[in-house]
Amino acid sequence: MSAVAVIAGREVLAGVRNRWMLAATLLLGALALTLAFVGSSPVGAVDATRLSITVVSLSSLSVFLVPLIGLLVSYDALVGEIERGTMPLLMTCPVTRWRIVLGKFAGQVAILVVATVAGFGIAALATGLGDGSDADAWGAFGIMVGGSILLGAAFIALGTLFSAVVAERGTAAGVSVAAWLVFVVLFDMALLAILVADEGQAVSGELFRVLLLLNPTDVYRMLTLAGSETVGALSGMAGVSAEAAFGPALLVPVMLLWIAVPLGLAGLLFGRKEL
Amino acid sequence: MAGAALALEAVTKAYGRQPAVDGVTLAIAPGERFALLGHNGAGKTTLLKLALGLTRPDGGRVETLGTLPGSPDWTGAKRGIGFLPENVAFAGAMSGRETIRFYGRLKGVGRAACEEALAQVGLAGVAEKRVKTYSKGMRQRLGFAQAILGSPRLLILDEPTGGLDPDSRRAFHATLAGLARQGTAIVLSSHVLTEVEAGTDRVGIMRRGRLAACGTADELKRRAGLAVTIRVAVRPGGGARLAAALDGRPATRINDHAVEIGCAAGEKRVLIERILGLGDEVEDIEIVPPGLDAVYARFGGAGREGAP
């Protein structure tokens, strides 16, 4: 078994033992079920399935929750092991530091995949079965789950980077909270403020589109909410989608960059770290 | 230094302006048991970290198992290294067996060898229990088990006997002796000087980052020129005659009829002859050679490093 798989396996085992995986699954599942039944009740005569509406609600929820879970799982990945004193043993094993970073990342992403698929899957099965949800709605659900995993992986990569940079767990936690605030709340508010103040003078449509790519949560929104006709219409993102004109062919690689760049930097910095 | 398990040449390392290791040159041969002694902050742990590639030297050269730490061959070279850090820690949610198998997989060691290591440290019976339920001594033994996995060619142990009971210490030293016979080079740091004296081939004493002295325990005692202690017991009432025989030489009174006298190695014979001249008055005479503690105090200085 490769060193990456061995380290990833230990991360998953630790996630199961310390109930992290269960907690994340229950949290996502409970909120998804609530949204599925409460949020999709006003379907009425609207030409939409309950699953489509649930996907819209869940996407809005994921933008807040998934980055938080990603950061919580990863912020002490490296610095925590150094602080607890378990890292020197790992670093003196015949494993490169790159593989340590990759193994921990892979294990944490595996925890996120289980929590997302199981948590959201419950809601999808509860709403999607029996009311004749169409292939478009199930497709949108698949994109949403896949997008959530990519979004979570991007924030796990960011958390790993913070963990490689700072010297104390407390600092890593603080930086992670700040990053969550910036990416999930402040970035869009600032963008909105700039647009309002600018009144379309300096910030062109093209610049706006590029600016959206600078935030993984916006990439996720474009990917999931504008990815399906019905979901796009329901979420009011259809217009944005047409305006933004970014398809999955660009958005998925951008999201992968949001994973690869922080993870690469984390590997470089951790490789130079002295204990 | 060719063929050395660990070779350091004029190695320096400083944290800020504070030198932690200052110009240390040292070579440890395969099969040799080497002990590093020194107060807290003397540079022992930093020296071990340099050997393990956990930190980089500012100057000089470190070669561990013939490889420069951090070089392209380093990951492969680490297969031959076993390490037990001071205050070893493990993920508490995993059992002893899961922990040892985790390190076994990373080191390319099979399950049978993992079980053997657990049995060797006396943890086979509690291997299914979570590590968080282990006592400090048990964690230390688990740490030792992972260090000896795969019969390393170089074993580096930082304060390895802390938390071990006397039986475990004996077993620990017996295991070290067995590994050394098979050719494993052992470097350990310790404050337990009496153990080091019996269980190592060579001793290095560190003081303020420098290797203040290095040699066998006997060599160091000779070089230190420390006094031997002669303990004399006389029959009740013989104290006055003993004092006369000592001819004003300072002696430490132990009780009514026993004293301790310090004397330079060269004066020992003359003094003993004088004491024996008291005839039947002498109940007992004992010669106590200088222990490593005294050598340590001589070369390592007193008190913590950096203390005023």
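All of the numbers you see were taken from the coordinates with simple rules; none came from a lab. Keep in mind that what you see is a predicted model, and the values were worked out from it rather than measured. Cβ sites come from the backbone with ideal geometry, for glycine too, and all protein chains shown count toward neighbours.
Out of the chymotrypsin sites (Phe, Trp or Tyr not before Pro) in the range A:154-219, which ones are loop residues according to DSSP with at most 10 other C-beta atoms within 10 Å?
Numbers: sites: A:155, A:162, A:180, A:183, A:187, A:208; in loops: none.
The qualifying sites: there are none.
Compare the Cα positions of A:21, A:258, A:149 along the charge dipole of the protein assembly as shown (+1 at Cβ of Lys, Arg; -1 at Cβ of Asp, Glu; about the Cα centre) and return the one farthest towards the positive end.
The Cα lying farthest towards the positive end belongs to A:21.
What is the helix-to-structure angle for B:111-120, meaning the angle in degrees between its Cα long axis and the longest Cα principal axis of chain B, kept from 0 to 90 and rounded to the nearest 10?
20 degrees
Count, for each residue of B:148-159, the Cβ atoms from other chains sitting within 10 Å of its Cβ, then give me the mean as a whole number. Write out the running numbers ahead of the final one.
Details: counts 0, 1, 1, 0, 0, 0, 0, 0, 1, 0, 1, 0.
Per-residue shielding by partner chains comes out at 0.
Quick check for me: using +1 on Lys/Arg Cβ and -1 on Asp/Glu Cβ, what's the dipole size of the range B:227-289 about its Cα centre, in debye to the nearest 20? Write down the numbers at each step before the final one.
Working: 8 positive and 10 negative charges, 36 e Å.
In debye, rounded to 20, the range B:227-289 gives about 180.
Show the residues, 5+ positions off or on another chain, whose built amide H is closer than 5 Å to the amide H of residue B:95.
Residues meeting the amide H criterion: B:131.
Distance in nm between label sites at residue A:265 and residue B:112, each 7 Å beyond Cα in the beta-carbon direction?
According to this spin-label approximation, the distance is 5.0 nm.
In degrees from 0 to 90, rounded to the nearest 10, what is the angle of the helix B:96-107 Cα long axis to the longest principal axis of chain B?
Roughly 70 degrees, rounded to the nearest 10.
Taking Rh as the Kirkwood radius computed over C-alpha pairs, what is the Stokes-Einstein D of the range B:6-222 at 10 °C in a medium of viscosity 1.306 mPa s, expressed in µm² per second?
It comes out at roughly 90 µm²/s.
Taking each full run of DSSP H in chain A as one helix, which ones are at least 20 Å long along their axis (Cα atoms) and have mean Kyte-Doolittle hydropathy of at least 1.0? Please list the in-between numbers first.
Working: long enough: A:3-17 (21 Å, 1.27); A:20-34 (21 Å, 1.95); A:50-74 (34 Å, 1.90); A:97-128 (45 Å, 1.36); A:135-165 (45 Å, 1.64); A:248-272 (36 Å, 1.85).
Length and hydropathy pass: A:3-17, A:20-34, A:50-74, A:97-128, A:135-165, A:248-272.
Could you rank the peptides B:48-55, B:9-16 by their average count of other C-beta atoms within 10 Å per residue, with the highest value first? Please report the intermediate quantities before stating the final value.
On the way: B:48-55: 23.4, B:9-16: 15.4.
The packing order, highest mean first, is B:48-55, B:9-16.
Local charge sum around residue A:182 (other residues, Cβ-Cβ under 14 Å, Lys/Arg +1, Asp/Glu -1)? Please list the in-between numbers first.
Numbers: positive: none; negative: A:188, A:218.
Summing Lys and Arg as +1 and Asp and Glu as -1 gives -2.
Would you work out the Kirkwood radius for the protein assembly as shown? I mean one over the mean of 1/r across all pairs of different Cα atoms, in Å.
Working: mean 1/r = 0.0351 Å⁻¹.
One over the average 1/r among Cα pairs gives 28.5 Å for the protein assembly as shown.
Just how large is the dipole of the protein assembly as shown about the Cα centre, in debye to the nearest 20, putting +1 at every Lys and Arg Cβ and -1 at every Asp and Glu Cβ?
Numbers: 54 positive and 49 negative charges, 326 e Å.
Taking the Cα centre of the protein assembly as shown as origin, the dipole is about 1560 debye.
Please state the relative contact order of chain A as a whole percent: Cα pairs under 8 Å, 6+ residues apart?
28 percent
Let me confirm one metric for peptide B:91-99, namely the mean number of other chain beta-carbon atoms within 10 Å of its residues' beta-carbons. List each step's numbers first, then the result.
Details: counts 9, 5, 8, 4, 1, 0, 0, 3, 3.
Per-residue shielding by partner chains comes out at 4.
Of the listed pairs B:78/B:221; A:273/B:129; B:49/B:129; B:107/B:129; B:44/B:268; A:104/B:13, which have alpha-carbon separations greater than 28 Å here? Display every interim value, and only then the final one.
Details: B:78/B:221 36 Å; A:273/B:129 33 Å; B:49/B:129 31 Å; B:107/B:129 23 Å; B:44/B:268 36 Å; A:104/B:13 31 Å.
Checking Cα-Cα distances, B:78/B:221; A:273/B:129; B:49/B:129; B:44/B:268; A:104/B:13 exceed 28 Å.
Charges only on Cβ, +1 for Lys and Arg, -1 for Asp and Glu: so what's the dipole of chain B about the Cα centre, in debye to the nearest 20?
On the way: 41 positive and 32 negative charges, 243 e Å.
Magnitude of the dipole: close to 1160 debye.
Per-residue ellipticity at 222 nm for the protein assembly as shown, helices alone: DSSP H runs ≥ 4 residues times -39500 (n - 2.57), over residue total, nearest 500 deg cm²/dmol? The partial results should precede the final answer.
Details: 25 runs with 314 residues, N = 583.
Using -39500 (n - 2.57) per qualifying helix, the result is -17000 deg cm²/dmol.
Roughly what percent of Cα-Cα pairs across the range B:227-289 reach past 15 Å? Walk me through the intermediate numbers first.
Values: 791 of 1953 pairs.
Every Cα pair in the range B:227-289 considered, those over 15 Å come to 41 percent.
Between the range A:80-107 and the range B:199-232, how far is it from one alpha carbon centroid to the other, in angstrom?
39 Å
Once you compute Rg and the Kirkwood Rh from C-alpha atoms, what is the Rg to Rh ratio for chain A? Kindly include the intermediate steps, with their values, before the conclusion.
On the way: Rg = 19.8 Å, Rh = 19.6 Å.
Ratio of gyration radius to Kirkwood radius: 1.01.
Work out how far the C-alpha atoms of the range A:91-220 reach from end to end along every principal axis, then list the three figures in whole Å, largest first.
For the range A:91-220, the Cα spread along each principal axis is 55, 49, 24 Å.
Using DSSP, restrict attention to beta bridges with both residues in the protein assembly as shown and report what percent are antiparallel, rounded to the nearest 5. Present the calculation step by step, with values, prior to reporting the outcome.
Numbers: 36 of 54 bridges.
Given both bridge residues lie in the protein assembly as shown, the antiparallel proportion sits at roughly 65 percent.
Give the Rg (one decimal place) followed by the Dmax (whole number) of the range B:119-273, computed from C-alpha coordinates and expressed in Å.
Cα-based Rg and Dmax for the range B:119-273 come out at 22.6, 69 Å.
Taking the dipole about the Cα centre of chain B, with the C-beta of Lys and Arg at +1 and of Asp and Glu at -1, give me whichever of B:229, B:192, B:19 is farthest to the positive side.
B:19
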